[in-house]
Structures are given as C-alpha cells and as structure tokens.
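Peer 1: Take a look at the following structure, please.
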Amino acid sequence: MTHDPGAARPRPSLTPPEFASALAQPRVAQPATIAPPATSPAPVQIPAGAVPRRVRTAPIWIIGILVLMLVGLVGYFLGALGPGASLVGMLLALVPLAGVLVAVRIVDRWEPEPRGLLVLAIAWGAIAAVGIALGVDLLLSILFGPATGVREVLQPVVQAPVVEELAKGLGVFLIFATARRSFDGPVDGIVYGALVGAGFAFTENIQYFAVSFIEGGAAETSGTFFVRGILSPFAHVMFTSVTGFALGLAARRGLSTGQAIGPWLVGLAGAIALHAFWNGSAMFGDFFFLYLTLQVPLFIGFILGIVALRREEARLTRRRLGDYAAAGWFTPQEVDMLATPAGRKAALAWARTLRGDRTGLMKTFIADATALAATRQRAITGRDPLAAGQERELLAKTAATRSAMFAP
C-alpha cells in the first residue's frame with residue numbers, strides 16, 4: 001500500500017474520531033509528488049482578476065432546450081389555468097422552494113458546487129422534467145383516452161413515479177456527463193439531485209395550488225398548501241437525491257459516462273420505489289398515519305445519512321491537505337483550521353479582527369483550499385487527467401491569498 005503522508009499526522013483536538021467509511025475508495029493512480037514551495041512570497045495584495053475562479057455553466061444546447069420548453073410551459077399554464085390562478089400558485093410554491101434551497105445550501109456549504117450547475121439543476125427540474133412528464137401524459141391520453149378504471153389507479157403509483165423520476169434523473173445524469181470535474185462524490189450527487197427535485201416540485205406545486213384555488217378558493221388552497229408545502233416539501237428532493245447519490249458513488253469510483261449508466265439505473269429504481277410508496281400511501285392507506293410512522297423516520301434517516309457523508313468529506317479534506325502540509329505548503333495549524341467546521345468558524349472570526357475586515361479573503365482561502373483537496377483526490381483516484389494544472393493554479397492562489405491576509 002502506498003504511504004499516505006496526510007494520514008499519518010497527529011490528530012488535532014477539533015476533529016471528531018475517524019471511522020472506517022464504506023464510501024472510501026482505493027487508489028487507482030499514483031499521485032504526483034508535491035513539490036515544496038519556494039521561499040515564502042512577500043505579502044502582496046491579490047491583483048483583481050489575476051486568478052479567476054472557474055465558473056461551470058450548462059452547454060448551450062441544454063440552455064436552448066430549456067428556453068424552448070419554458071415557452072411551452074408558460075403557454076400551457078396561462079391557457080389551462082389562467083394568469084391569476086397561475087400567479088397565486090407560483091407565489092405559494094415559492095415558500096417551500098425557499099425552505100428547500102436553504103437546506104440544500106447547508107448541505108453544500110463544505111465544498112460549494114458551481115452556481116451555474118446549481119441553476120441548471122433547478123431549471124432542469126422546473127422546466128425540462130415537468131415538460132417531459134406533461135408530454136408523456138398528453139401522449140398517453142391521445143393514445144388511450146382519459147385515464148379511467150385501472151389506469152386511473154395505476155397513473156399515480158406507476159406512471160408518475162416512473163416517468164417523473166426518469167425525467168428528473170436524466171437531468172442529474174446530464175450534469176454528471178457534462179461537468180465531471182464538478183461531480184466528485186455522493187454529496188455532490190445529492191445536491192444536484194435535490195435541486196432537480198426541488199425545481200420539479202416548484203412547478204408541480206404551481207399547478208396543484210392553482211387548481212385548488214380555482215376549484216375551492218382559499219379554503220381548499222390552504223389544505224393543499226399544508227400537505228404539499230408544509231408536510232412534504234422534501235418529497236421530490238428525497239426521491240431524486242437517491243439517483244444523485246448513486247451517480248455520486250460512480251463519480252467517486254472514477255466510472256466513465258457509459259459505465260455510470262448501471263449505477264444510474266439502480267439509483268432510478270430506488271427513486272421510483274420511494275416515489276411509488278409515497279403516492280401509494282396517499283391513495284391506499286391512512287396517509288397521516290403512514291406519514292408519521294414511515295415517512296418521518298425515513299426523512300430522519302435521510303438527514304443522518306447526509307451528516308455521515310459530510311463527515312466523510314471533512315475527513316477527506318483533512319487527509320489531502322495533510323499531503324500539502326507534509327510538503328510545506330500549509331502548516332498543521334492551517335490544516336486544522338481548514339478541515340473542521342469549528343476551525344473555519346474561528347478563522348472567519350479572526351479575519352474580521354484584521355485591518356479592513358478580511359473575511360472575504362479568508363472565505364476565498366477556505367474555498368480554494370477545499371477545492372485543492374478535492375482536486376488532489378481526483379488525481380489520486382485517476383479520474384481527472386487535468387488535475388495537475390488545476391492543482392498548480394490553486395496552490396498559487398492560496399499562497400497569494402495568505403500573503404494578502406497578512407499584508408500590512
């Protein structure tokens with residue numbers, strides 16, 4: 001086994017005890033030796049725009065598809081529901097969406113994903129996935145007529161879970177295929193999947209709230225909002241996160257886009273099963289009883305799983321930054337600071353005491369050091385042939401940021 005210098009460093013007091021992770025992956029490539037830094041650079045301010053941050057955005061063809069589908073969806077809502085009811089539905093749908101976005105932001109705080117990809121995930125769920133689901137429903141209605149009898153029963157527990165999760169999962173897979181360097185592991189997959197699900201739920205809620213407003217006024221709309229906006233704002237988020245989690249495992253193992261189809265299908269199967277169970281509990285059982293006895297424990301388990309994954313991310317960050325500390329790029333104290341939530345909080349508080357309040361520089365230092373650790377991990381697992389170039393760029397930027405923080 002290759003010696004891992006970052007793993008052999010003494011454990012600081014701020015770090016919780018490590019555990020053997022089932023998500024840990026073996027080395028499949030020999031990492032490049034980290035050259036020690038030259039003499040410490042003199043403190044200088046970072047020139048504006050000297051080392052621009054990479055911003056990942058969607059390929060132009062995906063943006064084009066989303067724009068065309070958005071035009072169709074707007075026309076559908078205005079024609080079928082009317083502008084007044086659509087506006088009421090949209091305003092109400094923003095409430096659960098805001099709550100979900102705050103929760104996802106907390107999950108994504110350790111190593112934030114590129115904003116362009118986060119926007120793409122939400123847009124795919126809100127526009128493309130809904131458009132695909134509506135298109136399939138329209139096609140089936142043309143072929144077989146309105147849903148009645150057995151088909152009316154099967155529609156929410158078979159058709160909806162299969163079609164909707166396939167449409168949402170396709171968006172997560174597109175992000176995996178087109179932005180592999182920003183898709184590092186299970187947490188990234190959960191974030192992208194959650195945002196696709198949040199976008200889908202937003203548009204779907206517009207329809208539900210608008211129909212309730214048209215058919216039953218404020219009373220029925222309030223009941224629908226309670227069930228969908230208060231009791232179950234994370235339902236679609238959880239479903240599609242399963243697909244994202246599976247693709248995240250594929251990314252961590254360095255699978256190619258073709259090789260990831262198998263894990264993607266497994267994740268889809270899990271998402272479809274959860275979705276069907278959720279819809280079935282509303283149709284065939286006591287929804288509130290099943291909600292309390294099954295759905296709430298399932299959600300708690302989902303949260304605990306994310307906490308475990310976040311802890312794994314922190315452990316991995318510490319180990320990889322330990323590699324750089326062994327070569328002299330960071331001090332052990334800086335690794336302690338960068339690789340623990342408590343250390344980061346203390347660092348930001350200290351930066352606020354510096355002349356001119358250098359919190360922004362500290363945030364940049366933390367973000368780039370975390371990205372540096374992720375870049376080295378991609379190099380070690382052999383899934384990013386361009387990691388060496390990004391590593392040099394991030395090392396230069398972290399060194400310049402440190403100098404700027406200590407500049408008089």
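Every residue, every condition in (1) of a type in the set (D, E, K, R); (2) more than 18 Å from Val104 (Cβ to Cβ), yes or no:
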site	(1), (2)
Tyr208	no, yes
Val211	no, yes
Glu215	yes, yes
Ala219	no, yes
Val227	no, yes
Val237	no, no
Ala250	no, yes
Gly254	no, yes
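This table checks each residue for (1) among the charged types (D, E, K, R); (2) within 25 Å of Glu312 (Cβ to Cβ); (3) touching a residue at least 40 places away in the same chain (Cβ under 8 Å).
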site	(1), (2), (3)
Thr148	no, no, no
Glu152	yes, no, no
Glu164	yes, no, yes
Val211	no, no, yes
Gly217	no, no, no
Phe225	no, no, yes
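Peer 1: Can you spot a residue in the stretch 301-318 that is of a type in the set (A, V, I, L, M) and assigned to a loop (DSSP other than H, G, I, E, B)?
Peer 2: Narrowing the stretch 301-318 to residues of a type in the set (A, V, I, L, M): 303-304, 306-309, 314, 316.
Of the ones still in play, those that are also assigned to a loop (DSSP other than H, G, I, E, B) are none.
No, the stretch 301-318 has no match at all.
Peer 1: Can you work out which of the residues in the stretch 79-137 that are free of Cβ contacts under 8 Å to residues at least 24 places away in the same chain and over 19 Å from the mean Cα position of the chain (by Cα) is nearest to Gly171 (Cα to Cα)?
Peer 2: Per the stated criteria, the residue is Gly135.
Peer 1: Among the residues of the stretch 330-386, write down those that are part of a helix (DSSP H, G or I), in contact (Cβ under 8 Å) with a residue 60 or more places away in the chain and of a type in the set (S, T, N, Q).
Peer 2: Thr370, Gln377
Peer 1: Among (1) modelled with pLDDT under 90; (2) of a type in the set (A, V, I, L, M); (3) within 17 Å of Arg378 (Cα to Cα), which single condition is Leu321 missing?
Peer 2: Of (1) modelled with pLDDT under 90; (2) of a type in the set (A, V, I, L, M); (3) within 17 Å of Arg378 (Cα to Cα), only one is false for Leu321: (1).
Peer 1: So, of the residues in the stretch 320-354 that are under 26 Å from the mean Cα position of the chain (by Cα) and among the basic types (Lys, Arg), which turns out to be farthest from Ala407 (Cα to Cα)?
Peer 2: Arg320
Peer 1: Can you find a residue in the stretch 355-372 that is modelled with pLDDT under 90, under 21 Å from the mean Cα position of the chain (by Cα), outside the structural domain of Ala250 (by TED's automatic domain parsing) and buried (at least 20 other Cβ atoms within 10 Å of the Cβ)?
Peer 2: For the stretch 355-372, residues modelled with pLDDT under 90, under 21 Å from the mean Cα position of the chain (by Cα), outside the structural domain of Ala250 (by TED's automatic domain parsing) and buried (at least 20 other Cβ atoms within 10 Å of the Cβ): absent.
Peer 1: Being out of contact with any helix residue (DSSP H, G or I) (no Cβ under 7 Å at 6 or more places or on another chain) and not in a helix (DSSP H, G or I) is the filter here; which residues of the stretch 208-247 pass it? I'd like the intermediate steps shown before the answer.
Peer 2: Quick first cut of the stretch 208-247, residues out of contact with any helix residue (DSSP H, G or I) (no Cβ under 7 Å at 6 or more places or on another chain) only: 211, 215-219, 222-223, 226-227, 230, 232.
Of everything in the stretch 208-247, just one residue is out of contact with any helix residue (DSSP H, G or I) (no Cβ under 7 Å at 6 or more places or on another chain) and not in a helix (DSSP H, G or I), namely Ser232.
Peer 1: I've got another one for you. Check Arg181 against each of (1) under 19 Å from Asn279 (Cα atoms); (2) at pLDDT below 95 and name the one condition it does not meet.
Peer 2: (1)
The values are calculated or read from the model by the stated rules, or taken from the named source; none is laboratory data. No experiment lies behind these values; they were computed from the predicted model shown. Every residue, glycine among them, receives a Cβ derived from its backbone with ideal geometry; neighbour counts consider all protein chains shown.
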